[in-house]
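A short worksheet on the structure shown next.
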Amino acid sequence: MPVQIAISSIIRFLLYFIHWMVLAYLPVVFKGYGFTDFQIGFLIGLYSLSSMFLMLPLGLFSDFFSPKRTILLGSLLFAGYFFVLTRVQSFALMIPAILFGGIGAASLIVVTESLYLKLFGREKRGMRVAVYQVSTYIGFGIGPLVGGLLISHGPSLIFTVAMLGAILIFLFGLFLDDFEPISFSFKEYGKDILQFKPLLLLACIFVLGTHFGIEQTSFSLLMQEKLFFSARDIGITFAGIGLWMAAIVPFAGRLHDQRKDVFLFFLVGMGFSGLFQIFTAWAWDFRSLLIIRLLHTMGDTLALLELTVLIAMFFPSHRLGGNSGLMYALRTMATFIAAILAGGINKEWGYAASFLGNGIFVLVFVIVSVGFILSSRERKLAVGWVRD
């Protein structure tokens, strides 16, 4: 088991390393190609949209076929996507390239996590999820830092390194344990979802996804265009955030395992994240932005840990692929919508306005959700805020 946890964590690190090494600089690369803010928002959103359409089918597919083989296929598709990016620079040709990349991303993001939860998510959920997310956040942090060093030599070098990373995912994936396939049934998946707690979780995931769309479209450009960060400064910012999240997530996991308040930490994390999303709009230099984003990601860390744990709690292990796929698909749809909106907002009011609007939206949702739960003893009982 420790060897399998290590292999799964290495794959997750590589996935987020190459994903964010590229994604953090795609808006900047597209700007250098002469794309408009709307075109940039469209392409970033399209990447999310193409992932969204396949996350549910691929999650279902992994349940009744093979999670391991799905991961292997996804890694090859991801490698092919980065190879295409080394050759394409026009907006028209970038559209099919982005669609191709979304397919690879969908299979890897959903199925790597669902397989991990299937194998290791029944016991010590908080700490095991925290260990897994440490590798995610280190990849998220180091990827853009390396990307910032590579981009000075041209975007093709970033894409080549990402392609090699995807090939490494394939090689490590050969040593993963697989999970026994199941007989497919839409009825059983429907029973899993159509309950109060999973439906509330879906609503939370949608709102959480909007803030990822804003960040993926606007954060790098906010740093470059408003705060005049160099590529090196952008990389250092992402590295600081990622390593910070990796450092604090084990404490969040330990705290979760000591408490039974389902949804409490999730909503607290979302609220904290939304508050400092607002403050991001008023950052004025490197230090102020870094402090604000470290506080913002304290909320993100708690919310994302709880999200993964709640998925493992609410759904049977053998149907985690399909149910995780639905959750990720909804989150990605929200990311797409927010990315498209951010493109228009950035053009009309500037990059800070996207963060301000999204932070207010998240905070309002959290306040309404808490009020909705507290207004009914049955709902408070369902989420563990009162006891029988």
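The values are calculated or read from the model by the stated rules, or taken from the named source; none is laboratory data. Note that the coordinates shown come from a computational prediction; the quantities given were computed from them, not determined experimentally. Reconstructed Cβ throughout: ideal geometry from the backbone, glycine too, with neighbour counts over all protein chains shown. Note: areas computed on protein heavy atoms with side chains; ligands, DNA, RNA excluded. Shrake-Rupley method; radii C 1.70, N 1.55, O 1.52, S 1.80 Å.
Under 5 Å between amide H atoms, partner at least 5 residues away or on a different chain: which partners does F263 have, H built in plane at 1.01 Å?
none
Heavy atoms of the protein only, probe of 1.4 Å, neighbouring chains included. What is the accessible area of E180 in Å², nearest 10?
Roughly 150 Å² of E180 is accessible to a 1.4 Å probe.
To the nearest 10 square angstrom, what accessible area does Y137 show with a 1.4 Å probe?
My reading of the accessible area for Y137 is about 10 Å².
Please give the charge dipole size of the chain, origin at the Cα centre, charges +1 on K and R Cβ atoms and -1 on D and E Cβ atoms. Round to the nearest 20 debye. List each step's numbers first, then the result.
Values: 27 positive and 20 negative charges, 94 e Å.
Value, rounded to 20: 460 debye.
Taking only protein heavy atoms and a 1.4 Å probe, what accessible area per residue, in Å², does the chain have with all protein chains in place? Display every interim value, and only then the final one.
Values: 15240 Å² over 388 residues.
Per residue, the chain has 39 Å² of solvent-accessible surface.
Can you find, among Y25, G350, L267, the residue farthest towards the positive end of the dipole of the chain? Put +1 on the C-beta of Lys and Arg, -1 on that of Asp and Glu.
So the residue furthest toward the plus end is L267.
Of G32, G165, G41, which is the most mobile in a GNM of the chain whose springs link Cα atoms less than 10 angstrom apart?
Ranking G32, G165, G41 by mean-square fluctuation puts G32 first.
Trypsin sites (Lys or Arg not before Pro), restricted to the range 74-158: which are DSSP loop and have at most 11 other Cβ atoms within 10 Å?
Working: sites: R87, K118, R122, K124, R125, R128; in loops: R87, R122, K124.
Here the trypsin sites (Lys or Arg not before Pro) that fit, given the DSSP loop and packing criteria, are R87.
Report the residue, chosen from F276, F361, F13, that carries the largest GNM mean-square fluctuation when the chain is represented by alpha-carbon nodes joined by springs under 10 Å.
F361
Rounded if a/c is under 1.5, else prolate if a/b is larger than b/c, else oblate: which is the chain, with a ≥ b ≥ c the root eigenvalues of its Cα gyration tensor? Show your work: numbers first, answer last.
Working: a/c = 1.60, a/b = 1.17, b/c = 1.36.
Because a/c hits 1.5 or more and a/b fails to exceed b/c, the chain counts as oblate.
From the residues L49, L149, G80, which one has its Cα farthest along the dipole of the chain in the positive direction, the dipole being from +1 and -1 charges on Cβ of Lys/Arg and Asp/Glu about the Cα centre?
Comparing the listed Cα positions along the dipole, L49 ranks first.
List, in the order given, every pair from K31/K347; K118/K380; K31/K226 whose Cα-Cα distance in the structure shown is over 20 Å.
Values: K31/K347 13 Å; K118/K380 29 Å; K31/K226 14 Å.
Result: K118/K380 exceed 20 Å.
Order the following by accessible area, largest value first: F175, F170, F228, F263. Probe radius 1.4 Å; ligands, DNA and RNA are ignored.
I get F228, F175, F170, F263, largest accessible area first.
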